[in-house]
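Student: Please see the structure below; I have some questions.
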Amino acid sequence: MAAHTAGFHDRREAGRRLAAALAPLAAAHPLVLALPRGGVPVAFEVAKALDAELDLLFVRKIGAPGYEELGIGAVVDGADPQLVLNEDIVQQLAPSPHYIRAEMQRQLAEIERRRSSYVGGRAPAEVTGRTVIVIDDGIATGGTVKAALKGLRKNRPARLVLGIPVAPGESIAEISPECDDIVCLAQPEPFYAVGAHYAVFDQTTDEEVVRLLRDAAPFGHLRGSPGHGSAVRR
C-alpha cells in the first residue's frame with residue numbers, strides 16, 4: 001500500500017499524480033474503471049499515462065422496503081453484473097427474495113440508462129482474468145467503493161487494485177481486505193471531506209464524462225489485444 005501526504009489542484013492533476021504511483025502496473029495492460037462522475041477525470045489521466053482501456057463502473061444502492069435510504073445491498077455494473085448484500089441488515093429485515101430481485105432489476109435498468117447516456121451501446125468491459133484498477137476522486141466512508149470491489153471480485157479479475165487520491169485511514173483499513181492492493185496518495189488527519197483536499201472541486205458534468213470517455217477510446221488498443229498480466233497478490 002502506498003501513501004503519502006498531498007493536496008491537489010483539481011481532479012486532473014490528482015489523476016496525473018496517481019498515474020505516476022500506478023505506473024508499475026502499465027506492463028499488465030490493466031483495465032481502468034472509473035466511478036462516475038467525479039472519478040472519471042482522475043481515471044482518464046491514469047488510463048492515458050498507462051495506455052490502458054478506460055470504462056465506467058456504476059454502483060446502485062438497494063434500499064430496504066419502505067426505507068430506501070437504508071441500504072441492504074448494492075448492484076455492481078459490468079459484463080456480468082453482481083448483487084452485493086449487507087448480510088447483517090438482510091438478516092434483520094428479512095426482505096423477500098422477490099423484493100430483492102425486483103430491486104436489482106430496477107437498479108440494473110437505471111445503470112443501463114446511465115451507461116447508454118455516456119457510452120451509447122458499448123458493452124461493459126470484461127474483467128475476468130485482467131488486472132483491474134478502480135478509480136475515484138476520493139473516499140469518505142467508503143461504502144460505494146467497498147461494494148464496487150466486492151462485486152468486481154465475484155467476476156474473478158487476476159488482480160484488483162484501488163487507486164484514490166485521498167481518503168481517511170480508517171476507511172482504507174476497512175476496504176483493504178476487498179482488493180489486492182490500494183494506492184492512496186493522501187490520508188490526512190483530520191479528514192473532513194474529499195473536496196477539502198482540492199483547490200478546485202467543481203461538480204463533474206455529464207458532458208465532461210462523455211468527452212473524456214470519447215477521448216480515451218484509443219487508450220489500451222494500440223498494443224493489440226489486452227494482456228492479462230500475471231497476478232502478483234500481496
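Bear in mind that the values in this text are calculations on the coordinates, not laboratory data. Given the structure is predicted, the values throughout are model-derived calculations rather than measurements. As a convention, Cβ positions derive from the backbone with ideal geometry for all residues, glycine included, and neighbour counts pool all protein chains shown.
Student: So how do 95-102, 206-213, 39-46 stack up, highest first, on mean other-Cβ count within 10 Å?
Tutor: 39-46, 206-213, 95-102
Student: Further, regarding this structure: Suppose R0 equals 30 Å. What FRET efficiency, 1/(1 + (r/R0)^6) with r the Cβ-Cβ distance, do Q92 and T128 give to the nearest 0.05?
Tutor: Efficiency computed from Cβ-Cβ geometry: 0.35.
Student: Based on the Kirkwood radius over alpha-carbon pairs, what is the Stokes-Einstein translational diffusion coefficient of the chain at 25 °C with 0.890 mPa s viscosity, in µm²/s?
Tutor: Translational diffusion coefficient: 137 µm²/s.
Student: What does the helix-only formula give at 222 nm for the chain: each DSSP H stretch with n ≥ 4 adding -39500 (n - 2.57), the total divided by the residues, and the result rounded to the nearest 500 deg cm²/dmol?
Tutor: When only DSSP H runs of four or more count, the value is -11000 deg cm²/dmol.
Student: Separate question: Suppose a student asked you for the relative contact order of the chain, using Cα pairs under 8 Å spaced at least 6 residues apart; what percent would you report?
Tutor: Here the relative contact order equals 29 percent.
Student: Dividing the convex hull volume of the alpha carbon atoms of region 59-119 by its residue count, what do you get in Å³ per residue?
Tutor: In region 59-119, the Cα convex hull volume per residue is 77 Å³.
Student: Work out from phi, with θ = phi - 60° and the Karplus expression 6.51 cos²θ - 1.76 cosθ + 1.60, the ³J(HN,Hα) of each residue of region 174-182, listed in order in whole Hz, and give x for Gly and Pro.
Tutor: 6, 7, 3, x, 8, 9, 7, 7, 10
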